[in-house]
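Bear in mind these aren't lab numbers, they're just calculated from the coordinates by the rules spelled out. Because the structure is a prediction, the values reported are computed rather than measured. Here Cβ is always computed from backbone atoms with ideal geometry, including for glycine, and neighbour counts include all displayed protein chains.
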Ligand code: BES
Ligand code: ZN
Ligand code: MN
């Protein structure tokens with residue numbers, strides 16, 4: 001954790017400069033024989049919070065590589081240009097790059113001590129405390145996503161989320177198989193009963209806003225493992241399947257940070273938690289199933305399971321939680337990875353106001369998103385000859401049609417759908433503040449989005 005510096009002796013001092021190319025590094029020994037690492041933020045006229053975050057992360061990783069045990073950031077030049085909030089960017093860069101995933105090795109990594117000198121900045125304590133809550137939430141989400149699926153079953157994910165939520169003063173409710181059946185959640189159950197480990201619908205209510213204000217619903221895909229079901233994935237595609245609950249982890253992390261920072265807004269998270277496996281009586285291609293909304297669905301591919309559980313979760317959020325607007329987030333399609341790679345998530349929305357708020361939110365968080373079209377011609381690719389809708393497209397456009405499938409269950413509410421299949425985890429880091437594996441994608445942006453509605 002990064003701490004305010006109180007004259008502790010450190011091995012290395014990190015300075016920011018504006019010389020040369022962004023992220024270029026120089027090392028030197030000063031007149032007092034102190035080790036200095038100087039990292040460039042690029043031109044001062046082009047300085048952004050994101051650049052501060054990335055440069056900080058690079059400095060930490062570089063010094064970690066040298067086996068350094070303690071270091072100190074001189075934040076003064078950055079605070080002077082960007083204000084006290086830049087302390088949050090430094091904290092994020094330092095701590096997110098220093099994240100170590102929970103592991104089952106017997107030897108644990110040693111802790112790096114990171115300090116920050118904020119000169120005379122009076123707001124530093126408050127900014128740092130808020131930043132830490134958000135960073136903890138990102139790391140909590142990363143831990144969930146990195147956790148192997150034999151350990152993180154729907155039940156265990158429920159236990160971890162409800163425990164942390166209750167500690168943060170968030171109201172929790174867990175809907176089990178029997179209750180889901182009573183609610184008519186046939187699409188959720190079609191996937192959820194494909195495994196011995198039973199499904200759970202996790203509902204978390206953070207009420208920091210006015211009691212009469214209808215909540216924003218954050219709906220996150222919680223597939224704790226995705227084999228593809230009877231449309232079994234190939235061995236190579238099966239390696240990342242434990243991370244298919246990254247959307248659920250993102251909405252959970254968002255709620256945790258909002259609650260810890262007492263943001264005055266009402267947000268309800270709905271996380272359908274299931275395994276997508278093969279059981280003797282699992283659903284198979286060709287089946288027609290019902291849903292909580294009443295719509296019937298022709299299942300043409302059991303590997304398109306995320307949209308099925310999300311459809312019922314969205315209906316639940318609107319009808320039972322009375323959500324005023326709905327944001328869903330999911331590792332939904334391989335197609336978004338082909339389109340945007342690992343740097344950018346795709347999104348769809350039916351509402352211009354929500355779109356503007358979302359654009360503002362990701363410009364603050366520094367995450368990258370790109371909007372996809374929702375033309376009616378795409379919706380007709382989901383037409384079925386025997387049911388109200390089909391769960392796969394008859395003509396490609398996989399990311400758009402997957403989103404529009406969920407959109408068919410939004411009952412006219414302002415809605416925004418995010419596909420993080422490419423950004424939820426990285427084989428090798430794309431941005432400096434990432435580490436191998438889960439990225440915690442979505443948490444910082446959804447936090448900014450909800451905060452903007454407070
Ligand atoms: N969870 C996967 C999507 C995915 C793919 C996430 C690669 C991360 C990396 C999802 O459930 C899935 O299998 N989608 C299918 C949909 C298809 C059958 C219509 C896909 O994208 O191939
Ligand atoms: Zn999936
Ligand atoms: Mn799948």
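Things worth noting here:
- If you take the alpha carbon atoms of the stretch 280-328 and fit the smallest convex hull around them, that volume is 85 Å³ per residue.
- Helix axis angle, 246-260 relative to the chain longest principal axis, alpha carbon, degrees: 60
- Sequence ranges 248-256, 443-451, 298-306, ranked by mean other-Cβ count within 10 angstrom, highest first: 248-256, 443-451, 298-306
- Ratio of Rg to Rh for the stretch 1-102: 0.94 [Cα atoms; Kirkwood radius as inverse mean 1/r over pairs].
- 0 to 90° range, to nearest 10: angle between helix 398-407 axis and the chain longest Cα axis: 70
- Taking each DSSP H run with n ≥ 4 as -39500 (n - 2.57) and averaging over every residue of the chain yields -11000 deg cm²/dmol at 222 nm.
- D_trans [Stokes-Einstein, Kirkwood Rh over alpha-carbon pairs] for the stretch 150-261, 4 °C, 1.567 mPa s, µm² s⁻¹: 85
- With neighbour counts taken as other beta-carbon atoms within 10 Å, the residues 278, 386, 116 rank, fewest first, as 386, 278, 116.
- Computed from Cα atoms, the angle from the helix 49-65 axis to the main principal axis of the chain rounds to 70 degrees.
- Computed over the stretch 67-159, the P(r) curve from all C-alpha pair distances, binned at 5 Å from the origin, holds 2, 12, 19, 18, 16, 12, 9, 7, 4, 1 percent per bin.
- Bridge type composition, the chain - antiparallel percent by DSSP, nearest 5: 40
- Cα gyration tensor category, rounded, prolate or oblate, for the chain with a/c compared to 1.5: prolate
- For the stretch 373-429, alpha-carbon Rg over 2.2 N^0.38 Å: 1.31
- Global form of the stretch 316-371, assessed from the alpha-carbon gyration tensor, a/c cut-off 1.5: oblate
- Classification of the stretch 314-454 by its C-alpha gyration tensor yields an oblate form. The axis ratio a/c (a ≥ b ≥ c) is 1.5 or more, and b/c is at least a/b.
- Ordering of 317-327, 217-227, 33-43 by packing [mean C-beta count within 10 Å, highest first]: 217-227, 317-327, 33-43
- Viscosity 1.002 mPa s, temperature 20 °C, Stokes-Einstein D of the stretch 115-177 from Kirkwood C-alpha radius, µm²/s: 150
- Per-peptide packing, taken as the mean over residues of other Cβ atoms within 10 Å, places 74-81, 418-425, 349-356 in the sequence 418-425, 74-81, 349-356 from highest down.
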